[in-house]
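Q: My questions will all concern the structure given below.
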């Protein structure tokens, strides 16, 4: 009897908790970067027009980054004297340079 009353009380408490509202919106970066979306559109459009394989290249880099260990951007980091980056491992050596060029331009 006590256990069922406790379960009922716990269930009621869960439903009475007021949900928190997210503070993010689609235009949350408009003050710090006022024309970000237009700039990105222009850069991507120009690169895609010059090299039609860019979209496929970006998609492939995204796949290699996100499908293994989560989307952490590790395929975008370059190696240095102290560390061999994920981007420079054997499996990723064939990733197209167009995708990296697009990220650098943006």
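The values are calculated or read from the model by the stated rules, or taken from the named source; none is laboratory data. Just so you know, these numbers come straight off a predicted model, no measurement behind them. Note that each Cβ is placed from the backbone with ideal geometry, even for glycine, and that neighbours are counted across all protein chains shown.
Q: Could you tell me which numbered condition residue 65 fails, if it satisfies all but one of (1) under 17 Å from the mean Cα position of the chain (by Cα); (2) surrounded by fewer than 16 Cβ atoms within 10 Å (Cβ to Cβ); (3) without any contact (Cβ under 8 Å) to a residue 24 or more places away in the chain?
A: It is condition (2) that residue 65 fails.
Q: Are any residues in region 63-76 touching a helix residue (DSSP H, G or I) at 6+ places or on another chain (Cβ under 8 Å), farther than 16 Å from residue 43 by Cβ and part of a helix (DSSP H, G or I), and if so, which ones?
A: 64, 65, 74, 75
Q: Now a separate question. Quick check on region 28-39: of everything there that is over 13 Å from residue 106 (Cβ atoms) and under 17 Å from the mean Cα position of the chain (by Cα), which residue is surrounded by the most Cβ atoms within 10 Å (Cβ to Cβ)?
A: Applying the filter and picking the extreme gives 29.
Q: Select from region 46-62 the residues that are in contact (Cβ under 8 Å) with a residue 12 or more places away in the chain and in a loop (DSSP other than H, G, I, E, B) and write down the one among them that is surrounded by the most Cβ atoms within 10 Å (Cβ to Cβ).
A: 51
Q: Does any residue of region 77-92 turn out to be outside any loop (DSSP other than H, G, I, E, B), surrounded by 10 or more Cβ atoms within 10 Å (Cβ to Cβ), over 17 Å from the mean Cα position of the chain (by Cα) and modelled with pLDDT of 80 or more?
A: Here is the first cut: in region 77-92, the ones outside any loop (DSSP other than H, G, I, E, B) are 86-88, 90-92.
Within this subset, residues satisfying the condition of being surrounded by 10 or more Cβ atoms within 10 Å (Cβ to Cβ) are 86-88, 92.
Imposing the further condition that a residue be over 17 Å from the mean Cα position of the chain (by Cα) reduces the set to 88, 92.
Then drop every residue that is not modelled with pLDDT of 80 or more, which leaves 88.
Within region 77-92, one or more residues are outside any loop (DSSP other than H, G, I, E, B), surrounded by 10 or more Cβ atoms within 10 Å (Cβ to Cβ), over 17 Å from the mean Cα position of the chain (by Cα) and modelled with pLDDT of 80 or more.
Q: Can you tell me which condition residue 43 does not meet? The list is (1) part of a loop (DSSP other than H, G, I, E, B); (2) at pLDDT 80 or above, and all the others hold.
A: Just one mismatch for residue 43, condition (1).
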